[in-house]
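Novice: Once you've had a glance at the structure underneath, I'll fire off some questions.
The values are calculated or read from the model by the stated rules, or taken from the named source; none is laboratory data. These numbers were taken from a predicted model, which means no experiment stands behind them. Note that we place each Cβ from the backbone using ideal geometry, even for glycine, and neighbour counts take in every protein chain shown. Note: accessible area is taken over every heavy atom of the protein model, side chains too, but ligands, DNA and RNA are not part of it. Shrake-Rupley method; radii C 1.70, N 1.55, O 1.52, S 1.80 Å.
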Number of protein chains: 2
Amino acid sequence: MTITITAFERSPDGGRGLARDTRVRWALEEVGQPYVVRPVSFRAMKEPAHLARHPFGQIPTYEEGDLVLFETGAIIFHIAERHAGLLPDDANARARAITWMFAAVNTMEPPILELATAKLLESDRPWHDQRLPLVEDRVRNRLKQLSIRLGDADWLDGAFSAGDLMMASVLLRLKSSGMLGEYPNLAAYLARSETRPASVRAFAAQLADNTRKPLP
Amino acid sequence: MTITITAFERSPDGGRGLARDTRVRWALEEVGQPYVVRPVSFRAMKEPAHLARHPFGQIPTYEEGDLVLFETGAIIFHIAERHAGLLPDDANARARAITWMFAAVNTMEPPILELATAKLLESDRPWHDQRLPLVEDRVRNRLKQLSIRLGDADWLDGAFSAGDLMMASVLLRLKSSGMLGEYPNLAAYLARSETRPASVRAFAAQLADNTRKPLP
C-alpha cells in the first residue's frame, strides 16, 4: 500500500529539515519504505479537507490505505511497529525505546518549543531580552540531565532506535542557538544521528522538495 | 510480578490529582492491575538512586521485575499493550488511539505547561500581567481545535482509550483556569473522564496517600 505524507508546500526554513515531515521521512528511510509527498499550502492546511486529516491543521500527516494518522510520535511508532529497524525485539528494550520517544516530545521538546516561541513570536515584546535567559536556562536544565544520562554512549539505550530518532529530531531545533556546544556529547550525538545514511537521504529529499523551481 | 510506581511523598497540590502519578494509577485501575506506591521526597528525587530510574529526576516511574520505565506516555502505553481495556483490537483504531496519546502530550500539553510556568514561575516578573493573555490565547487555539474535532462525541475516536486518558489528564491542568468553561463539550468530556469508576478510584488513592497523618 502506498504511504503518502503531507509536508509544507514551502517550508519556512527553506528545507533545512526543521519541519516535522523530516522525522517521518527519516523513519521511512531507516526501514526502507518508499513514500509519496503531498505538499500542502498554508491556506490548504486550514481548510476542511486537511483538518479532517489533522485536527490541529499542521503537517505531517500519514496515509496508508484507510489509515490516516497525525503526530510525528504516533506516525513513527506506527512505522517502527510494522517494519524492522527502529525498535529492538527484546520486550524490555522495546519499552525503554518507546520511553525515549515520549521523553523527546514531552520532556525535552516543550522547553525547546517555548524557546522557539520566545524568539519567533515575542521578539518584538518589551520583555524579550530580559526573559530569554530564563527560558534558555530551562532548556539547559534538560540538556544537562540528558547529557549526564547519555554519558559516553553512542545512543540512549544500546542500539539506535526510534527513541534516538525522535530525540535527535528535537535537539536539531537547538542547532542555531549554539547551546548544544555546551554539551559536547549531545552535539556529537546529534552529529552521529545526522550522518546516518537514512537521515542524510531524508534531509536531502526535504531540501530537494523545497528548492524545486516553481512551475512556469 | 509486582508493579511499583513512585509518587511525590507530599504532592504540591495536596493530592488533587495534578501530579503525574495519577495518570498511571488511573490506567492501572482501568485494566484492574494492583500496584504499590513508593513515595519519594523532593530531595530523594535528585539523588543517584532515583536518577538511575528517572534521568530527569521526576515522578512517576514504573517498575515491574527488571523493567524500569519513566514518562507517563510510555508507562501508560506499556500497561495498555499488556492488559485489555485501554487500546482497541482493530489495528487502525489502535494506531489512532496512540495518535491521541501523542497529541495529548506533544500538541495540547506544551502550551498548557507554558501557561503553568507563566503563572507559577514568572508571577513576580514585571511582564507577567501583560504576557499572560498571549499565553492563554495559545492554549485557546488548541482547545478550539480539539473542541471542533470532538464535536458531540463522547470520546476522541469511538470507545474510551488510553488516548482519552492522556488527553483528560492534560486538560485537568486547566481546571482552575476556568478556560474549559469556554468549550462546554471539552468540560463535559473531562467530567465524563473523571467520573469513570477507575478514575474515581485513582484520584481517591492519590488523595489518600497525600492526606495520611505523619508518623508520630
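Novice: Out of the stretch A:87-96, which residues are more than 9 Å from chain B (Cβ to nearest Cβ), assigned to a helix (DSSP H, G or I) and in contact (Cβ under 8 Å) with a residue 24 or more places away in the chain?
Specialist: Result: A:A93, single match.
Novice: For the stretch B:9-86, please list each of the helices (runs of 4 or more DSSP H) lying entirely inside it that holds at least 1 residues being touching a Lys or Arg at 6+ places or on another chain (Cβ under 7 Å), more than 9 Å from chain A (Cβ to nearest Cβ) and within 28 Å of B:L120 (Cβ to Cβ). Full working, then the answer.
Specialist: Values: elements: B:21-30, B:42-45, B:48-53, B:72-82.
In the stretch B:9-86, the matching helices (runs of 4 or more DSSP H) lie at B:72-82.
Novice: Answer yes or no as to whether A:A187 is of a type in the set (A, V, I, L, M), part of a helix (DSSP H, G or I), in the same structural domain as A:P39 (by TED's automatic domain parsing) and over 22 Å from A:F102 (Cβ atoms).
Specialist: no
Novice: Within the bounds of the stretch B:96-112, is there any residue that is surrounded by fewer than 20 Cβ atoms within 10 Å (Cβ to Cβ), over 28 Å from A:L120 (Cα atoms) and in contact with a Ser or Thr (Cβ under 7 Å, 6 or more places away or on another chain)?
Specialist: Within the stretch B:96-112, none of the residues are surrounded by fewer than 20 Cβ atoms within 10 Å (Cβ to Cβ), over 28 Å from A:L120 (Cα atoms) and in contact with a Ser or Thr (Cβ under 7 Å, 6 or more places away or on another chain).
Novice: For the stretch B:163-216, which positions are open to solvent by 60 Å² or more (accessible area, probe 1.4 Å) and of a type in the set (V, I, T)?
Specialist: Those that are open to solvent by 60 Å² or more (accessible area, probe 1.4 Å) and of a type in the set (V, I, T): B:T195, B:V200, B:T211.
Novice: Give the stretch B:47-62 a look and list any residue that's under 20 Å from A:N106 (Cα atoms) and surrounded by 12 or more Cβ atoms within 10 Å (Cβ to Cβ), or say none.
Specialist: Selection gives B:H50, B:L51, B:R53, B:H54, B:P55, B:F56, B:G57, B:Q58, B:I59, B:P60, B:T61, B:Y62.
Novice: Just need a number here: residues in the stretch B:63-95 that are in contact with a strand residue (DSSP E or B) (Cβ under 7 Å, 6 or more places away or on another chain), open to solvent by 30 Å² or more (accessible area, probe 1.4 Å) and either over 18 Å from B:I5 (Cβ atoms) or of a type outside the set (A, V, I, L, M, F, W, C) (or both).
Specialist: Looking only at that region, the number is 3.
Novice: Grab the helices (runs of 4 or more DSSP H) fully contained in the stretch B:98-180, keeping just those with 3 or more residues being within 11 Å of another protein chain (Cβ to nearest Cβ) and touching a residue at least 40 places away in the same chain (Cβ under 8 Å).
Specialist: Those helices (runs of 4 or more DSSP H) span B:109-120, B:162-171.
Novice: Moving on to the next point. Which one is farthest from A:A205 (Cα to Cα), of the residues in the stretch A:8-62 that are of a type in the set (F, W, Y) and out of contact with any strand residue (DSSP E or B) (no Cβ under 6 Å at 6 or more places or on another chain)?
Specialist: Out of the qualifying residues, it is A:F56.
Novice: Determine, yes or no, whether A:T72 is among the hydroxyl-bearing types (S, T, Y), within 26 Å of B:I76 (Cβ to Cβ) and either in contact (Cβ under 8 Å) with a residue 12 or more places away in the chain or touching an Asp or Glu at 6+ places or on another chain (Cβ under 6 Å) (or both).
Specialist: yes
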